[in-house]
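First comes the structure, then the notes that go with it.
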Amino acid sequence: DLKQTNVTQPAIFLHSVIKAKTMGDAFKPDMVAGHSLGEFSALVAAGAMEFSDGLKLVAARANAMQKACEAQPGTMAAILGLEEEICASIPGSVVPANYNCPGQLVISGTVEAVNAACEALKAAGAKRALLLPVGGAFHSPLMEPARAELATAIAYTPIVDPRCPVFQNVDATGRKDPARIKANLIAQLTAPVRWTQSMRN
């Protein structure tokens, strides 16, 4: 069951906030960040969102993403040793999904388009192109139904000024404005995770 998105995400969220919660008042970060789902954990850790609200949102996100995965199967692949942009030239739906670190890019889309992109990227000089054992095409246009569904839940979730900047995945920028935080959370489902850029910033 842990391989199902709607089970995996709440489990990871719970695990991710435990350390910050157990530290109590000793947890005083200058800034926080979280990769994809981890952004919700970061918001809870920074005091922008209550744990219970975060868990409800994560559950809603996971269920919406699970439905999107079932409606339109997709996959992801890790590309090592090449950051050249080839996705736009591949027929079908495939986009950059995670800028994880210099030299590692994850792409996301339909199975056919991701496979084609892997071959093109290897031909262009990538050291490796590895299909990932994931439940769907996360951070791609295939998640649009989930983004639309989650937008309402995020709009009605209380988010307050965090105690420190939260570097968000969509724009790799430290944010403290609740309205901007919400807008970026909604956009995150179909936008790439700019983790490399966040760490640099």
Tilt, helix 178-188 to longest principal axis of the chain (alpha-carbon atoms), in degrees rounded to tens, equals 30
With a 22 Å threshold on alpha-carbon distance, the violating pairs from Lys3/Lys67; Lys19/Lys182; Lys21/Lys67 are Lys19/Lys182; Lys21/Lys67
For the chain, the dipole about the Cα centre with charges only on Cβ (Lys and Arg +1, Asp and Glu -1), to the nearest 20 debye, works out at 380
Checked against the structure, the computed P(r) over Cα pairs in 10 Å bins from 0, in percent among (1) 8, 32, 35, 19, 5, 0; (2) 9, 35, 35, 17, 3, 0; (3) 9, 37, 38, 14, 2 is the one labelled (2)
In degrees rounded to 10, the 0-90 angle between helix 51-71 Cα long axis and the longest Cα principal axis of the chain is 20
Note to self: C-alpha centroids of segment 40-119 and segment 129-192 sit apart, in Å, by 11
Contact order relative to length for segment 76-174, counting C-alpha pairs under 8 Å separated by 6 or more residues, stands in percent at 29
Any aspartates and glutamates whose Cα falls less than 19 Å from that of Lys176, other than same-chain ones fewer than 8 residues away, would be Asp30, Glu39, Glu50, Asp53, Asp161
With all protein chains present and a 1.4 Å probe, the order of Phe27, Phe13 from largest accessible area down is Phe27, Phe13
The answer for segment 47-131, accessible area per residue at 1.4 Å probe in Å², is 45
Out of Gly109, Ala148, Val160 - ranked by how far each Cα lies towards the positive end of the dipole of the chain, with unit charges on the beta-carbon of charged residues - the top one is Val160
One finds, for Tyr156 and Ala187 with R0 = 25 angstrom and r their Cβ-Cβ distance, a FRET efficiency to the nearest 0.05 of 0.90
Stokes-Einstein D for segment 97-188 (25 °C, 0.890 mPa s, Kirkwood Rh from Cα pairs), in µm²/s, comes to 159
In whole percent, the fraction of accessible protein surface over segment 115-201 that belongs to carbon or sulfur atoms, probe radius 1.4 Å, stands at 55
Zone reached by a paramagnetic label modelled 7 Å from Gln4 Cα along Cα→Cβ, restricted to segment 37-75 with backbone N below 16 Å, covers 59-71
When the charge dipole of the chain is computed with +1 on Lys and Arg Cβ and -1 on Asp and Glu Cβ about the Cα centre, the Cα farthest towards its positive end, among Ala68, Thr173, Ile86, belongs to Thr173
Expected sort for 121-130, 146-155 on mean C-beta neighbours within 10 Å, highest first, is 146-155, 121-130
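The values are calculated or read from the model by the stated rules, or taken from the named source; none is laboratory data. Since this is a predicted model, take the numbers as computed values, not measurements. So basically every Cβ, Gly included, is an ideal-geometry build from the backbone, and we count neighbours across all protein chains shown. In case anyone asks, the SASA skips ligands and DNA or RNA and just uses the protein heavy atoms, side chains included. Shrake-Rupley method; radii C 1.70, N 1.55, O 1.52, S 1.80 Å.
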